[in-house]
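Below is one structure; the comments refer to it alone.
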C-alpha cells in the first residue's frame, strides 16, 4: 500500500531575498480543497512556521473552500481576481508572505522539474508566466 503523493514543492533557500516568486508548487489538480491541505502541511514542516492564510486566483481554481483545517487552527482561504493566476500566496508569521509559482497540473514532468528549479533562482521581478514559458516554451497553456 502506498501513501499519499509527496508535495512537489521548491522554495528559495534565501527567503530573506524577496522576489516576485519565492518558490514553486506543482499540484496534481486545480481542486483547491484537495490540494491545499498537503501544501500547507509541507510549508509548515519545511519552514517550521504556521501558514495563517492562503490567497489564490478565483478563476484558476475549482472547489475553493473558505477555510482549511490544519493542526490547531483553521486557515482562511481568500480568492481574488487581482492576484496573478500563476501564483498562490501564503501568509506566514516572520516571513510576511510567500509567493509560490503554480505549475499547471498537466505540465510534462521535465518542464515541471525545470520550472521548480527556475522558481528558486529567479531574482527581482521575474513574472510567474515568464518562468513557465522558459521552462516549457512550446506549451501555450503556460504562457503569461
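Just to be sure before I move on: is residue 11 at pLDDT below 95 and either in contact with a strand residue (DSSP E or B) (Cβ under 8 Å, 6 or more places away or on another chain) or under 22 Å from residue 76 (Cα atoms) (or both) in the structure I sent? Before you say what the answer is, go through the steps one by one.
Numbers: at pLDDT below 95: yes; either in contact with a strand residue (DSSP E or B) (Cβ under 8 Å, 6 or more places away or on another chain) or under 22 Å from residue 76 (Cα atoms) (or both): yes.
When the stated conditions are applied, residue 11 passes them.
If you check 24, 20, which single one turns out to be surrounded by 14 or more Cβ atoms within 10 Å (Cβ to Cβ), in a strand (DSSP E or B) and in contact (Cβ under 8 Å) with a residue 40 or more places away in the chain?
On the way: 20 fails: in a strand (DSSP E or B).
Checking each option against the conditions leaves just 24.
I'd like the full set of residues that are surrounded by fewer than 17 Cβ atoms within 10 Å (Cβ to Cβ), closer than 16 Å to residue 27 by Cα and either more than 14 Å from the chain's Cα centre (by Cα) or at pLDDT below 90 (or both), limited to region 114-140.
Of everything in region 114-140, nothing turns out to be surrounded by fewer than 17 Cβ atoms within 10 Å (Cβ to Cβ), closer than 16 Å to residue 27 by Cα and either more than 14 Å from the chain's Cα centre (by Cα) or at pLDDT below 90 (or both).
Quick check on region 57-68: of everything there that is assigned to a loop (DSSP other than H, G, I, E, B) and in contact with a helix residue (DSSP H, G or I) (Cβ under 8 Å, 6 or more places away or on another chain), which residue is farthest from residue 33 (Cα to Cα)?
61
Return yes when residue 54 is in a strand (DSSP E or B), surrounded by 19 or more Cβ atoms within 10 Å (Cβ to Cβ), at pLDDT 95 or above and in contact with a helix residue (DSSP H, G or I) (Cβ under 7 Å, 6 or more places away or on another chain) and no when it is not. Lay out the reasoning, then the answer.
On the way: in a strand (DSSP E or B): yes; surrounded by 19 or more Cβ atoms within 10 Å (Cβ to Cβ): yes; at pLDDT 95 or above: yes; in contact with a helix residue (DSSP H, G or I) (Cβ under 7 Å, 6 or more places away or on another chain): yes.
Considered against the rule, which asks whether it is in a strand (DSSP E or B), surrounded by 19 or more Cβ atoms within 10 Å (Cβ to Cβ), at pLDDT 95 or above and in contact with a helix residue (DSSP H, G or I) (Cβ under 7 Å, 6 or more places away or on another chain), residue 54 comes out as yes.
The values are calculated or read from the model by the stated rules, or taken from the named source; none is laboratory data. As the structure is a prediction and not an experimental result, all values here were calculated from the model. Glycine gets a Cβ as well: all are built from the backbone with ideal geometry, and neighbour counts include every protein chain shown.
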